[in-house]
Amino acid sequence: MAKLTIQNKHGIVRFENQLLDGYEKVFDEISEQASRAHIQNLTLDMTPTKKITSSGVAKLLTLRNLLDHFGIKLEVVNLQPALMDVLKKFKVDAMLRIRA
């Protein structure tokens, strides 16, 4: 489960699960808020997330493209080192513009 909070056009998503998959409802909420220009910056706080499914990776890439289309800046914070290694292995870190 994840929760989106918006303050002054800055959105923060806090993931509460150890597993991130592409079926989180928060991704639909982000898409809706972005299309209505309610956010200018989005921060994904991945503190508890330890694993990610292939659908989760696909959803993150889709989200990145959507936010780029609307001119919204995406920042991923508190990414676990093991999860970063997985993203690097599949060269997704560069596509998501995540740096260690």
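The values are calculated or read from the model by the stated rules, or taken from the named source; none is laboratory data. Just so we're clear, the structure is a prediction, and the values are computed from it rather than from any experiment. Cβ coordinates were reconstructed from backbone atoms using ideal geometry, including for glycine residues, and neighbour counts include every protein chain displayed.
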So is Ala82 assigned to a helix (DSSP H, G or I) and in contact with a helix residue (DSSP H, G or I) (Cβ under 6 Å, 6 or more places away or on another chain) or not?
no
Cβ-Cβ under 6 Å, sequence separation 6+ or interchain: first residue in the range 14-34 and part of a helix (DSSP H, G or I), partner small (Gly, Ala, Ser) and buried (at least 16 other Cβ atoms within 10 Å of the Cβ). Which pairs?
Val26/Ala2
Pick from the range 15-36, criterion in contact with a Lys or Arg (Cβ under 6 Å, 6 or more places away or on another chain) and surrounded by 16 or more Cβ atoms within 10 Å (Cβ to Cβ), ranking: modelled with the lowest pLDDT
Gly22
Among the listed residues Ile52, Ile12, Ile39, identify the single one that is buried (at least 16 other Cβ atoms within 10 Å of the Cβ), modelled with pLDDT of 95 or more and out of contact with any His (no Cβ under 8 Å at 6 or more places or on another chain).
Ile12
Output yes when any residue across the range 88-99 is part of a strand (DSSP E or B) and surrounded by fewer than 17 Cβ atoms within 10 Å (Cβ to Cβ), and no when none is.
no
